[in-house]
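Below is one structure, written out as C-alpha cells; comments come after it.
The values are calculated or read from the model by the stated rules, or taken from the named source; none is laboratory data. Keep in mind that what you see is a predicted model, and the values were worked out from it rather than measured. No Cβ is skipped: glycine too gets one built from the backbone with ideal geometry, and neighbour counts run over all protein chains shown. These accessible areas exclude ligands, DNA and RNA; they are computed on the full protein's heavy atoms, side chains included. Shrake-Rupley method; radii C 1.70, N 1.55, O 1.52, S 1.80 Å.
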Amino acid sequence: RGKRAFIAGIADDNGYGWAIAKSLAAAGAEILVGTWVPALNIFETSLRRGKFDESRVLPDGSLMEITKVYPLDAVYDSPEDVPEDVKTNKRYAGSSNWTVKEVAESVKQDFGTIDILVHSLANGPEVTKPLLETSRNGYLAAVSASSYSFVSLLRHFAPIMNPGSATISLTYIASEKIIPGYGGGMSSAKSALESDTKVLAFEAGRKHNIRVNTISAGPLRSRAAKAIGFIDMMIDYSLENAPLQKELTAEEVGNAAAFLASPLASAITGAVVYVDNGLNAMGVGV
Ligand code: NAD
C-alpha cells in the first residue's frame, strides 16, 4: 500500500504546502488536505474549475489528485473552544467538523490511518508590528495559530498514525537570528515550534514510533509571505548573500519534505533541516 499524507495549510498553489503535496504525490502518496475554513470555498472552486491544473502536473506528466479536502481551523481543538461569533460567522457556518479533533475523527472514519502529517500553516495578526509594539493578544494568537496548532495536530492525529510515520512542519530562521520585519510574535512562535520539534520527537518517538522534524525554509513569495510585506527584500538578500545564488523554489522544499517523510530519513528526528540555499550558514553578507 502507498502512504497516505494529511497536509494542513493549503489554500492555493503558491505556498510550501502545495509543493510538499506535489512531491509526496510524485513519490506515490495519497494526498489529503486541510484548508483554513475562510479560504475553503475559493480553494475548492478553483480546484474544480481547473485553475490549478497547470500546477498539478507531476514529473511523469500525470496530474496530482487530492483525494479529499477537509475544512480546518487549527486554532480550535474541539467544538467547545469555538466562540459564538466564529460559530455564526457566515464563512464558518457553511462548513462543519473543522476543529482539529473533529478533522482527525473524520480522517479516521474516512481512511482509518495516515503515515505522513504535514503542518504548513502560520498566522500572526500583528506580524507587521515590531515585537516591541505587539499586544499580548497578538503574540498569543501568533503562538496559537503557528506553534500550538502543531502540538494539537500531532496530539489528535498520533493515534491514527501508523508506526514509522513522519511529521514535518515549516519554520523560519527568524526563530534564532534577528530578522527585522518578522514581527507580531512570529519569531517567538517559530522558536516555540523548533523547540517543540525536539520535545515532541522524544515523546511521539517513544510512544508511537513517529518522527518529528521541521524544515527551516528560505524566502518564498507565498500568499502568507506577501502579507508580511518584506518578502521581495528577503529574496533579493538571499540571492546576493547565500552560498547558492539562485532563487529558492517551493519544489526544493517539497522534495526535502518528501525525503524527510520517507524511509531514507528513518533515523532523522528532532531535526531542524535548512532548505535555504545555505543562507543560514553565513555570518556576514558579502
Ligand atoms: P501559505 O499562505 O501558502 O500557507 C499558510 C497557510 O496557513 C494558508 O493556506 C492559510 O490559509 C493557512 N492558515 C492560516 N491560519 C490557519 C488556521 N488557523 N487553521 C488552518 N490553516 C490556517 O504560505 P507559506 O509561506 O507557504 O506558509 C507555509 C509555512 O511555511 C508557514 O509555517 C510559514 O511560516 C512557513 N515558511 C514560509 C516562508 C516563506 O518565505 N514563505 C519561509 C519559511 C517558513
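Out of A201, A145, A174, which single residue is touching a residue at least 60 places away in the same chain (Cβ under 8 Å), within 28 Å of D232 (Cβ to Cβ) and of a type in the set (A, V, I, L, M)? Break it down into steps so the answer makes sense when it comes.
On the way: A201 fails: within 28 Å of D232 (Cβ to Cβ); A174 fails: touching a residue at least 60 places away in the same chain (Cβ under 8 Å).
Result: A145 is the single residue among A201, A145, A174 that is touching a residue at least 60 places away in the same chain (Cβ under 8 Å), within 28 Å of D232 (Cβ to Cβ) and of a type in the set (A, V, I, L, M).
Give, as residue ranges, the helices (runs of 4 or more DSSP H) completely inside the range 65-117 that count at least 2 residues that are of a type in the set (D, E) and within 24 Å of A21 (Cα to Cα).
Working: elements: 84-88, 90-93, 100-111.
Result: 100-111.
Would the range 21-43 turn up any residue that is of a type in the set (S, T, Y), touching a helix residue (DSSP H, G or I) at 6+ places or on another chain (Cβ under 9 Å) and either farther than 29 Å from K90 by Cβ or modelled with pLDDT under 95 (or both)? Step through it out loud before you land on a result.
Step one: list which residues in the range 21-43 are of a type in the set (S, T, Y), which gives 23, 35.
This time we only want the ones that are touching a helix residue (DSSP H, G or I) at 6+ places or on another chain (Cβ under 9 Å), so: 23, 35.
Now drop any that are not either farther than 29 Å from K90 by Cβ or modelled with pLDDT under 95 (or both), which leaves 23.
Yes.
Within the group I179, I268, which residue is part of a loop (DSSP other than H, G, I, E, B), in contact with a Phe, Trp or Tyr (Cβ under 8 Å, 6 or more places away or on another chain) and at pLDDT 95 or above?
Numbers: I268 fails: in contact with a Phe, Trp or Tyr (Cβ under 8 Å, 6 or more places away or on another chain).
I179 is the lone residue from the list that is part of a loop (DSSP other than H, G, I, E, B), in contact with a Phe, Trp or Tyr (Cβ under 8 Å, 6 or more places away or on another chain) and at pLDDT 95 or above.
Run W36 past the list (1) more than 10 Å from the ligand (Cβ to nearest atom); (2) open to solvent by 40 Å² or more (accessible area, probe 1.4 Å); (3) under 13 Å from the mean Cα position of the chain (by Cα) and report the number of the one that doesn't hold.
That leaves (1) as the condition not met.
Looking at the range 87-105 only, could you name the residues that are open to solvent by less than 30 Å² (accessible area, probe 1.4 Å) and either in contact with a His (Cβ under 6 Å, 6 or more places away or on another chain) or free of Cβ contacts under 8 Å to residues at least 12 places away in the same chain (or both)?
Residues satisfying the conditions are V100, A104.
So in the range 39-55, with the set limited to residues that are among the charged types (D, E, K, R) and within 16 Å of the ligand (Cβ to nearest atom), which one is least open to solvent (accessible area, probe 1.4 Å)?
Let us first name the residues in the range 39-55 that are among the charged types (D, E, K, R), namely 44, 48-49, 51, 53-54.
Filter again for within 16 Å of the ligand (Cβ to nearest atom), leaving 44, 51.
Values: E44: 69, K51: 145 Å².
Within the range 39-55, the match that is least open to solvent (accessible area, probe 1.4 Å) is E44.
Would you check if G205 is surrounded by fewer than 16 Cβ atoms within 10 Å (Cβ to Cβ) and modelled with pLDDT under 95?
Values: surrounded by fewer than 16 Cβ atoms within 10 Å (Cβ to Cβ): yes; modelled with pLDDT under 95: no.
No, not satisfied.
Within the range 233-268, count every residue that is charged (D, E, K, R) and touching a residue at least 60 places away in the same chain (Cβ under 8 Å).
Of the residues in the range 233-268, the ones charged (D, E, K, R) are 236, 240, 246-247, 251-252.
Adding the requirement that they be touching a residue at least 60 places away in the same chain (Cβ under 8 Å) leaves 251.
Residues meeting the conditions: 1.
Which residue pairs have Cβ atoms closer than 7 Å, lie 6 or more positions apart in sequence or on different chains, and pair a first residue in the range 106-125 that is surrounded by fewer than 20 Cβ atoms within 10 Å (Cβ to Cβ) with a second residue that is of a type in the set (S, T, Y)?
S106/Y70
Report the residue count in the range 1-17 for those that are within 15 Å of the ligand (Cβ to nearest atom) and either closer than 14 Å to K68 by Cα or of a type in the set (K, R) (or both).
6
Return the residue satisfying two criteria in turn: it lies in the range 229-249 and is open to solvent by less than 20 Å² (accessible area, probe 1.4 Å) and part of a helix (DSSP H, G or I), and of such residues it is nearest to the ligand (Cβ to nearest atom).
I231
Could you give me the residue pairs with C-beta distances under 6 Å whose first residue belongs to the range 150-164 and is among the polar types (S, T, N, Q), whose second residue is open to solvent by less than 30 Å² (accessible area, probe 1.4 Å) wherever it lies, and which are 6+ apart or on separate chains?
What qualifies is S152/V100; N162/D115.
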